[in-house]
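Data block below; observations after.
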Amino acid sequence: MTDLKKAKIKKVLKTTPGEILRNTLQITEIPYEYIATKIKDVRDVVADFGCGENLFKDCIPNNQVYSFDHVAIDDTVIACDMKETGLDSESIDVTVFSLALWGTNSDDYIKESYRILRRK
């Protein structure tokens, strides 16, 4: 194996899932800042489904955010199948679908979102 080929393989292995998804689907930007403007109350508890690189939580630093994805990039992300987050029913004020709707069972994620949302 050539050194060039080894270097390319190392680069791919270091690429995060979010980068792979954006490159594959040609996604240039998710409007995290815009979405964050819709969350007015710092007491709102937020669940981010398909958080990827978990960039959304930085847009609402005063809110409690539960970040879910199939792969945890660090200890702030809960790795799980998002159809079962483990959160209590009616425990969340806002759910955000950053990248989850690309999933093959996205209907299950929407059902889970409905289950955990507080009724107001």
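The values are calculated or read from the model by the stated rules, or taken from the named source; none is laboratory data. No experiment lies behind these values; they were computed from the predicted model shown. When we count neighbours, we look across all protein chains shown, and the Cβ atoms used for this are built from the backbone with ideal geometry, even at glycine.
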(request) Please name all residue pairs, on different chains or six or more residues apart, with Cβ atoms under 9 Å, provided the first residue is in segment 92-110 and is more than 21 Å from Lys38 (Cα to Cα) and without any contact (Cβ under 8 Å) to a residue 60 or more places away in the chain and the second residue is of a type outside the set (Gly, Ala, Ser) and in a helix (DSSP H, G or I). (result) Gly103/Tyr109
(message) Need the failing condition index for Arg22 against (1) surrounded by 13 or more Cβ atoms within 10 Å (Cβ to Cβ); (2) modelled with pLDDT of 70 or more; (3) over 16 Å from Ile116 (Cα atoms), just the number.
(response) (2)
(request) Mind counting the residues in segment 93-109 that are part of a helix (DSSP H, G or I) and either within 23 Å of Asn63 (Cα to Cα) or touching a strand residue (DSSP E or B) at 6+ places or on another chain (Cβ under 9 Å) (or both)? (result) 4
(message) So if I check each of Glu112, Glu84, Glu90, which one is part of a loop (DSSP other than H, G, I, E, B), in contact with a Lys or Arg (Cβ under 7 Å, 6 or more places away or on another chain) and at pLDDT 95 or above?
(response) Glu90
(message) Residues to consider are Ile60, Ile9; find the one that is at pLDDT 90 or above, among the aliphatic types (A, V, I, L, M) and over 20 Å from Tyr114 (Cβ atoms).
(response) Ile60
(message) Is it the case, given these coordinates, that Val77 is crowded, with 19+ Cβ neighbours inside 10 Å and within 15 Å of the chain's Cα centre (by Cα)?
(response) yes
(request) Looking only at segment 34-55, count how many residues are of a type in the set (A, V, I, L, M), within 11 Å of the chain's Cα centre (by Cα) and in a loop (DSSP other than H, G, I, E, B). (result) 1
(request) Among the residues of segment 56-72, write down those that are assigned to a loop (DSSP other than H, G, I, E, B) and over 20 Å from Glu33 (Cβ atoms). (result) His70, Val71, Ala72
(request) Please work out which one of (1) surrounded by fewer than 16 Cβ atoms within 10 Å (Cβ to Cβ); (2) modelled with pLDDT under 90 is the condition Asp41 fails and give its number. (result) (2)
